[in-house]
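Just below is one structure, and these are the notes that go with it.
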Amino acid sequence: MNESYNPYEVAPMARAAAPAPASRPERDPIDALTVSATWKRRFKLIDKAGGPDMPRVRELTFGERSAITFSFLGFFFGPIYYLCKGLWRPAIAYFGVTFLIAFVAALMGLDFVGRMIGIGMSVVYAMRACALYYRKMVLQEEPWF
C-alpha cells in the first residue's frame, strides 16, 4: 500500500514558507520596576546611551546627559545616598578608598590633599550613582564599582 497523502508529513518547502507566529508586544522591563517615574526616565535614557557604560552618551541632549551623568544627592550625601539606594557595596568601597587616602595624607601632614580627595570622591559618587543604580535595578547585578 502506497499512500500518496500523509497529513503528518510537511514538505520541506512548506516548512520554510510557514509564517512566523504572531508575537505579542514585549513589555518594557523598565516600566515594570518599582521605582519612581523619574528613575524610569533615567533608566530609559541610560538604555538609549548604550547601557551603564554609556558609549553613545554624546547622542543625547545636554539635559538628558546631565540627568544621567550627575546626581546632586550623590554629590552631597555620598555613601549615605548609596546606602539608601541599596548600593552598599560601592558605598563601602568608595568610602574605604576615600578614608584610606585621606588618612594617609593626614599622617603626612597634607590636610589640603585629604580635603581635595574628599571633594574628588564626592564627584565620583555623583557621576556613578545613576549607572550603579541602573545596574542594580535593571540588570539585577550587585556592583562593587
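Where a number appears in this text, it was derived from the coordinates with a stated rule and is not lab data. The shown structure was predicted, so the numbers you read here are calculated from the model rather than taken from an experiment. Heads up, the Cβs are rebuilt from the backbone with ideal geometry, glycines too, and the neighbour counts pull from every protein chain shown.
What is the local net charge at residue 56, summed over the other residues whose Cβ is closer than 15 Å to its Cβ (Lys, Arg +1; Asp, Glu -1)?
Details: positive: 44, 48, 58, 65; negative: 47, 53, 59, 64.
Once all neighbours under 15 Å are counted, the net charge is 0.
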Residue-count net charge about residue 90 - beta-carbon cut-off 14 Å; Lys, Arg +1, Asp, Glu -1
+3
